[in-house]
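Inspection log for the structure reproduced underneath, given as structure tokens.
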Amino acid sequence: MKTPLPLPRRYLVGFDPRELPHHFADVVIVGGGIAGLRAALGLPESARVLVVTKDEVRESNSSYAQGGIAGVMDPEDRVEDHIADTLSAGKGMCDPGIVDVVVREAPERIRELMEMGAQFDTIGGQVSLGREGGHSHARIVHALGDETGREIMRAIIEQTRGRPNVRVWQNCPTIDLLTLDGRCRGVLVWDRHRGFALVWARAVVLAAGGAGQLYRETTNPAIATADGHAMAYRAGVEVRDMEFMQFHPTVLYMAGSARHLLTEALRGEGAYLRDCDGRRFMTDYDPRAELAPRDAVSQAIAAQMAKTRHPNVYLDLTHLDAEFIRRRFPGIDRICRGFDLDITSDLIPVCPGAHYMIGGVTVDDRGRSSMDGLWAAGEVSSTGLHGANRLASNSLLEGLVFGARVAEDVADRLAAEGPWRLEVPPIAAEAPGERRPLIDLGDLRESLVALMWRNMGITRDAAGLAEAARQVDRWCRYVLPHAFDDPAGWAVQNMLTTARLMIAAAAERAESRGVHYRSDFPDTDPAWARHITLRAEGAS
């Protein structure tokens with residue numbers, strides 16, 4: 001276990017508990033994506049639950065998910081095959097027990113969504129199932145063609161708003177976890193109109209999402225700045241597998257365009273990948289061609305782009321039935337039309353982009369972290385399901401399963417402890433931070449994401465990682481002690497903290513495995529089939 005980043009301060013901001021408003025809840029949930037809200041829905045109505053979200057509750061990585069949820073819903077499919085596909089994609093790093101639990105619970109969790117009102121696509125009265133890379137069978141449940149996340153979150157948010165015991169504070173960033181004597185006691189939050197507040201809780205659930213904004217090319221929304229990873233590290237909570245960032249192979253590459261994800265289901269329906277010369281190249285890299293797992297496809301695209309000296313490759317759907325493609329992928333069709341592209345007759349320019357953070361807060365099969373009183377679920381956590389490479393459409397599934405398991409475990413804890421006396425733990429005041437010369441956050445952020453894309457991207461090596469470590473260390477020395485007073489500054493501090501952890505883990509893993517590819521160590525080493533864990537010493 002390493003401590004790669006000394007922390008200049010325990011909390012990002014200075015505060016005196018005697019001068020701030022105090023709020024109380026049985027459970028506070030940080031994040032309003034699929035994992036956080038599923039946890040809220042699983043708690044008993046007798047529990048006072050507070051969900052705090054950085055932006056609008058509908059703004060999360062979950063809402064942007066296109067492909068769907070993987071689950072064995074076809075009588076001709078087998079749970080054992082879904083398990084085998086997940087283990088194969090994970091390249092020796094999955095926890096077989098966790099994989100078994102999640103895959104076996106998948107059908108039940110999907111049916112729960114249907115009962116909540118989620119409208120999945122059907123054919124002849126049966127749920128329509130798609131196939132994506134790495135899956136041996138069609139088992140992806142999808143909605144609105146290619147806007148599954150939006151439909152699922154619509155149903156879950158509607159259910160959450162109907163629960164009288166659940167309050168949702170929107171546009172209320174969580175700054176830090178409040179800890180005392182090795183236990184998480186609550187959270188420090190901020191609201192643009194009301195300022196800082198302390199929220200004390202018997203249980204804290206961290207479901208703060210991902211870290212894609214650390215990269216120049218990403219599918220993630222602006223809120224994905226690794227806040228949960230960084231605040232957990234500052235609190236002394238163990239994180240692991242931070243070297244494993246998954247890159248989605250096909251992101252729309254158009255000047256002036258946000259980097260829109262183009263779902264893997266396109267290739268599942270038969271789309272080809274071609275280089276700038278029009279050549280279909282995936283068979284040069286993997287016998288599964290376009291249906292290889294994401295790590296293999298992203299690395300192949302990166303290699304082909306380098307070989308042809310071209311900034312992108314192309315998705316080709318021109319050989320597929322035009323009417324079916326427009327009906328199956330209405331969202332992608334709409335996005336591409338906005339850039340004068342016809343997905344049925346034009347080649348679509350794509351390149352890989354940071355998509356899903358596999359590493360995160362180490363949790364057990366109930367979502368318990370290394371710190372008492374703190375649970376984690378969703379992308380901010382490391383459950384052991386994904387290993388070194390996430391199988392397509394297993395992430396929404398993981399959020400559902402672990403959201404439910406966390407809720408059950410928290411409910412058991414609350415019942416065992418009995419009635420709670422309102423009390424304010426004697427947390428000492430945090431001294432104000434330093435005021436440094438004006439820091440250009442925009443320039444710093446652009447420099448960081450460019451560095452991460454260049455040196456900590458799809459292909460890595462010792463020299464590039466050492467350069468990245470030196471540069472990020474330099475930025476950390478003058479940015480982390482600075483006392484910012486707005487979310488933009490805190491986001492950059494969280495991004496720097498998490499970037500340094502990711503770089504340290506990538507430098508230590510002297511092999512290539514899954515989404516972690518080292519050009520100086522191109523082979524997989526069986527001795528490295530283990531986790532790299534990180535924790536800040538003396539933080540809690």
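Relative protection proxy for 396-404, 344-352, 223-231, 519-527, from highest mean packing down: 223-231, 396-404, 344-352, 519-527 (other beta-carbon atoms within 10 angstrom).
Farthest towards the positive end of the charge dipole of the range 177-243, among the residues Asn220, Gly236, Cys184, is the Cα of Cys184, using unit charges on the Cβ of Lys, Arg, Asp and Glu. Between His82, Ser60, Val49, the Cα set farthest toward the positive side of the dipole of the range 43-124 (charges on each charged residue's Cβ, about the Cα centre) is that of Val49.
Just so you know, the Cα atoms of the range 441-501 work out to an Rg and Dmax of 11.7, 37 Å. One entry in (1) 193; (2) 144; (3) 202 is volume of the Cα convex hull per residue in Å³ calculated from the shown coordinates; its label is (2).
DSSP beta bridges fully contained in the chain are about 60 percent antiparallel. Fraction of C-alpha pairs exceeding 19 angstrom in the range 232-320: 45 percent, rounded to a whole number.
Along the range 383-399 the Karplus relation, 6.51 cos²θ - 1.76 cosθ + 1.60 evaluated at θ = phi - 60°, assigns HN-Hα couplings of 8, x, 5, 8, x, 9, 6, 6, 6, 3, 6, 8, 7, 4, 4, 4, x Hz to successive residues, with x for each Gly and Pro.
Distant-in-sequence amide contacts of Ser382, defined by a placed amide H-H separation under 5 Å and a gap of 5 or more residues or a different chain, comprise Gly360, Val361, Thr362, Val363. Backbone phi angles across the range 320-331, fed through the Karplus curve with coefficients 6.51, -1.76 and 1.60 (θ = phi - 60°), yield HN-Hα couplings of 9, 5, 4, 5, 5, 5, 5, 6, 6, 10, x, x Hz in residue order; Gly and Pro are listed as x. For the range 290-307, the Karplus equation 6.51 cos²θ - 1.76 cosθ + 1.60, evaluated at θ = phi - 60°, returns couplings of 5, 9, 5, x, 4, 4, 5, 5, 4, 5, 5, 4, 4, 5, 5, 4, 5, 5 Hz by residue, with Gly and Pro reported as x. Dipole magnitude for the range 368-462: computed about the Cα centre from +1 point charges on Lys and Arg Cβ and -1 point charges on Asp and Glu Cβ, it is near 220 debye. Think of a 1.4 Å ball rolled over the protein heavy atoms: the chain then has 37 Å² of accessible area per residue. When +1 charges are put on Lys and Arg Cβ atoms and -1 charges on Asp and Glu Cβ atoms, the dipole computed for the chain relative to its Cα centre reaches about 1100 debye. Placing unit charges on the Cβ atoms of the charged side chains and taking the dipole of the chain about its Cα centre, the candidate lying farthest along the positive direction among Pro352, Phe402, Trp475 is Trp475. Here the range 363-431 and the range 209-243 have alpha carbon centers that stand 16 Å from each other.
The values are calculated or read from the model by the stated rules, or taken from the named source; none is laboratory data. Given the structure is predicted, the values throughout are model-derived calculations rather than measurements. Glycine gets a Cβ as well: all are built from the backbone with ideal geometry, and neighbour counts include every protein chain shown. Accessible surface is based on the protein model in full, side chains and every heavy atom, while ligands, DNA and RNA are left aside. Shrake-Rupley method; radii C 1.70, N 1.55, O 1.52, S 1.80 Å.
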